[in-house]
Structures are given as structure tokens and as C-alpha cells.
Amino acid sequence: MIKTALAVLMALSVSPSFAESASPMKMAEAISAQWDSYWNAKDAAGIASLFTPDGVVNFPEGPIEGQQALLQTYSERFKTESHHKVTVTKVNPGNTLQWAIGEADIDVNHDGKTIHIKAHWGATYDVQGSEVRLSTLTFNSVPPPKPAAQ
């Protein structure tokens, strides 16, 4: 359940309006803010629209491919996942294929308790003129801190 929820938090969203008007870092930060807005509103259609038609999210149980499948997947996941915050730490400005990495925080409702999860994500996005869409997304969770030595 928790690993499954982690996959949802790692999404880097992309909007067509940022590609030609901003630096790659500013574009990625704006995209992340848009993703968080859709996520926190539990807007699965908004999130799915940020992907290329064949966009892929690599969930722990396997990849989910395509906007319609992502719409269905996020609709289901929003039943247990809540607050989400994405931070961009680095971007690689390519020509038509760019990547970004960062961190994410998410709250997951599990067995009546809210669990806070931290993760690292990596994403590629496709830039075609002024249009930018998320192409692939992957993530890993940050392990909990080790107990202090006694």
C-alpha cells in the first residue's frame, strides 16, 4: 500500500505554456506547482492531461501507460492519498527531451492513520515547440531514519 502510494507522489507535471517562455528550472518549478495543484484538488483528469498520450509511470507493481490508464489509476489512488508537495532540485535542458529530478512529500491514509512519506523522483518530458508533456516518471522512497545507536 505505501509503496503503491509512493508512485503517485512522484509525478512531475508539464504544461504547454512554459516551454518557450521560461528557463528550464523555472519551467520545471512551474510545472511542479501545477502538478501539486491538480494533486491536492484530486483532479485525476488534470494530471493525466499533463502526460504525452503514451506517457508512462513506473509504479512498484508495474508500469501504467497512456493517459486513459493514468486517469483511472490516479482516480483510484486519490481515495487514500492526500497532500502532495514536489520540489525540483536539478534540470537538464535538452532540445526536445529534457529531464528533471527532485524530492516529494506525500501524506497517505493507511489503516486509519496518516503516514508521511518522502521520496526522490526522476522524470523525462517531451518538448515540441511550445508544448511540454511528461513522458516518463520513476521514483524511490527515502528510507526511514535508522534508530540512534545506544
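Bear in mind that the values in this text are calculations on the coordinates, not laboratory data. A quick note: this is a predicted structure, and the numbers were derived from the prediction, not measured. FYI the Cβ positions are ideal-geometry reconstructions off the backbone, even for glycines, and counts take in every protein chain you see.
Can you tell me which residues in segment 52-67 are farther than 23 Å from Val127 by Cβ and free of Cβ contacts under 8 Å to residues at least 24 places away in the same chain?
Gly62
Being under 21 Å from Lys26 (Cα atoms), in contact (Cβ under 8 Å) with a residue 60 or more places away in the chain, surrounded by fewer than 18 Cβ atoms within 10 Å (Cβ to Cβ) and of a type outside the set (Lys, Arg), is that true of even one residue in segment 84-97?
Yes, that holds for at least one residue.
Working carefully through the options Val142, Val88, Val57, find the one that is β-branched (Val, Ile, Thr) and touching a Lys or Arg at 6+ places or on another chain (Cβ under 9 Å).
On the way: Val88 fails: touching a Lys or Arg at 6+ places or on another chain (Cβ under 9 Å); Val57 fails: touching a Lys or Arg at 6+ places or on another chain (Cβ under 9 Å).
Being β-branched (Val, Ile, Thr) and touching a Lys or Arg at 6+ places or on another chain (Cβ under 9 Å) holds for just one of Val142, Val88, Val57, which is Val142.
Test Trp121 against the stated conditions and say whether it is of a type in the set (Phe, Trp, Tyr) and without any contact (Cβ under 8 Å) to a residue 40 or more places away in the chain. I'd like the intermediate steps shown before the answer.
On the way: of a type in the set (Phe, Trp, Tyr): yes; without any contact (Cβ under 8 Å) to a residue 40 or more places away in the chain: no.
Spelling it out, it is not the case that Trp121 is of a type in the set (Phe, Trp, Tyr) and without any contact (Cβ under 8 Å) to a residue 40 or more places away in the chain.
I'd like the full set of residues that are out of contact with any Phe, Trp or Tyr (no Cβ under 7 Å at 6 or more places or on another chain), surrounded by fewer than 20 Cβ atoms within 10 Å (Cβ to Cβ) and under 18 Å from Lys79 (Cβ atoms), limited to segment 36-63.
If the condition is that a residue be out of contact with any Phe, Trp or Tyr (no Cβ under 7 Å at 6 or more places or on another chain), surrounded by fewer than 20 Cβ atoms within 10 Å (Cβ to Cβ) and under 18 Å from Lys79 (Cβ atoms), then Asn40, Ala41, Asp43, Ala45, Pro60, Glu61 are the ones that fit.
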